Amino acid sequence: MAKKILVVGGGGREHAIIKALKKSPDCGEIWCAPGNGGISYDAKCKNIKATDVETMVAFAAEEKFDYVVVAQDDPLALGMVDALAKVGIPAFGPDKAAARIEASKVFSKDLMKKYGIPTADYATFDDPAKVMDYIKAKGKYPVVIKADGLALGKGVLICENEEQAADGVKEIMLDKKFGASGNHVVVEEFLTGPEVSVLSFTDGKVVKPMVSSMDHKRANDHDTGLNTGGMGTVAPNPYYTPAIAAECMETIFLPTIQAMNAEGCPFKGCLYFGLMLTPDGPKVIEYNCRFGDPETQVVLPLLESDLLKIMTACTEGTLADTEVKFSEGAACCVILASGGYPVSYEKGKPISGLTNGQLEGESNITVYHSGTALREDGTLVTNGGRVLGVTAAAPRLTAAITQAYAAAEKISFEKLHKRTDIGMRALKAIAEQ
């Protein structure tokens, strides 16, 4: 029976989820809210803010959706899954209590401490003066300062000295750069080692990890410039060996699911583990309560199983009996951003090179739309900081990187900015193995 599906969100991650869902034989009519110009080639879009829980749930009930995928962190933290359940609509994603694993850094750090899940040493504060007293007493730099709440992946500052730490505390706690998210902060020791993102499916009982990935957060080549939402990704991450994967399952993944159950807030949906492979073993840098962006754009193209089946199994608690299989290949996603991102940038620049949002005749290339809009005359234009994610899937990582960049060259808009070194660190790691 074909399901009528709604995906909540409007970026590249949501586009990747929609593209993967459409491969399922059980996927019927598919909608996205709010969606964007490029997503409208693949789904019907409805302009409702992802954070407007009441309107979204009313729309879902009125349209009689069979299933809703809540892809974005804010609506999860606001309890959209709970509100949908009240009107009898099953959804993919954690409820409000479980979404705290991302929505509150204090909650997640305290959870790890209580259940012995390896993470960086930390302390939490709500008084700016006490933060600086603690940092000065420790005297160890760099030090990491994190806003407690959601800040679009940007509320994390790495401070090299006392002056930077004082500026950081002022920015987060006094100037309220991230709003109420900065009422509480977490101060952490700085960990070193390769970073790995592991998205995983869970029904609150079993964990089935997806293929690992490597994000590139900084705006410019050689990991310089400001932190962004992500300028590109590759999968799999060569640092994440089968031995490390087994260790993470035993010391981090299963203990986290068990800890959430013990706390009375079982987690169902996609749990994202941001890991650091330190000299002392893998440690958790952060949890996200949803698919990562742009990690999803390299992970889902490698999924060979039926995404809709997997998602409903997470909701229904039958994941143990559901196949989750990924190809042996690799994928690379290069983000095409607006010049000036992540600070200030112009919108409304016409995009050339695409037909109905995709590159014609490129079967292994997918263009995911993060920030695009369609004008009334059908012109596709830029409408965000990150505009497009150009993803190539290939048998080997070298080919995926080469093909993603070759494809990216065929797309243009005024003031386009992209990194030229996505995946280079991964290739270096492969060469050293």
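The values are calculated or read from the model by the stated rules, or taken from the named source; none is laboratory data. Since this is a predicted model, take the numbers as computed values, not measurements. Every residue, glycine among them, receives a Cβ derived from its backbone with ideal geometry; neighbour counts consider all protein chains shown. Each accessible area value is taken on the protein alone, full model and side chains, heavy atoms only, with ligands, DNA and RNA left out. Shrake-Rupley method; radii C 1.70, N 1.55, O 1.52, S 1.80 Å.
General observations
- Restricting segment 105-128 to residues that are open to solvent by 30 Å² or more (accessible area, probe 1.4 Å) and over 12 Å from Val185 (Cβ atoms) leaves a set whose member that is modelled with the lowest pLDDT is Asp121.
- Every residue from segment 375-433 that is open to solvent by 80 Å² or more (accessible area, probe 1.4 Å), touching a residue at least 40 places away in the same chain (Cβ under 8 Å) and not β-branched (Val, Ile, Thr): Pro395, Arg396, Lys410, Glu414, Lys415, Arg425, Gln433
- Residue in segment 3-22 that is open to solvent by 20 Å² or more (accessible area, probe 1.4 Å), at pLDDT 95 or above and more than 26 Å from Ile351 (Cα to Cα) present: yes
- Scanning segment 35-42 turns up no residue that is closer than 26 Å to Thr256 by Cβ, touching a strand residue (DSSP E or B) at 6+ places or on another chain (Cβ under 8 Å) and buried (at least 22 other Cβ atoms within 10 Å of the Cβ).
- Tally of residues being touching a helix residue (DSSP H, G or I) at 6+ places or on another chain (Cβ under 8 Å), open to solvent by 30 Å² or more (accessible area, probe 1.4 Å) and not charged (D, E, K, R) across segment 319-343: 3
- Cβ-Cβ under 6 Å pairs, at least 6 apart or on other chains, segment 3-27 side outside any loop (DSSP other than H, G, I, E, B), far side open to solvent by 20 Å² or more (accessible area, probe 1.4 Å) and not acidic (Asp, Glu): Lys3/Gly28; Lys4/Gly28; Leu6/Trp31; Gly9/Gln72; Gly12/Ser370; Leu21/Cys27
- For segment 43-80, the set of residues classified as open to solvent by 20 Å² or more (accessible area, probe 1.4 Å) and assigned to a helix (DSSP H, G or I) consists of Val53, Glu54, Thr55, Ala58, Ala61, Glu62, Asp74, Ala77, listed by residue number.
- As for segment 182-199, it holds no residue that is crowded, with 24+ Cβ neighbours inside 10 Å, at pLDDT 95 or above, in a loop (DSSP other than H, G, I, E, B) and not aliphatic (A, V, I, L, M).
- Residues of segment 368-426 satisfying the condition of being under 19 Å from Ala219 (Cα atoms) and over 24 Å from the mean Cα position of the chain (by Cα): Glu409, Ser412, Phe413, Glu414, Lys415
- Number of the condition not met by Val156 [criteria: (1) surrounded by fewer than 21 Cβ atoms within 10 Å (Cβ to Cβ); (2) aliphatic (A, V, I, L, M); (3) modelled with pLDDT of 90 or more]: (3)
- When segment 204-249 is limited to residues that are assigned to a loop (DSSP other than H, G, I, E, B) and β-branched (Val, Ile, Thr), the one that is least open to solvent (accessible area, probe 1.4 Å) turns out to be Thr228.
- From Leu303, Leu277, residue being surrounded by fewer than 22 Cβ atoms within 10 Å (Cβ to Cβ), more than 24 Å from Thr366 (Cβ to Cβ), in contact (Cβ under 8 Å) with a residue 60 or more places away in the chain and touching a helix residue (DSSP H, G or I) at 6+ places or on another chain (Cβ under 9 Å): Leu277
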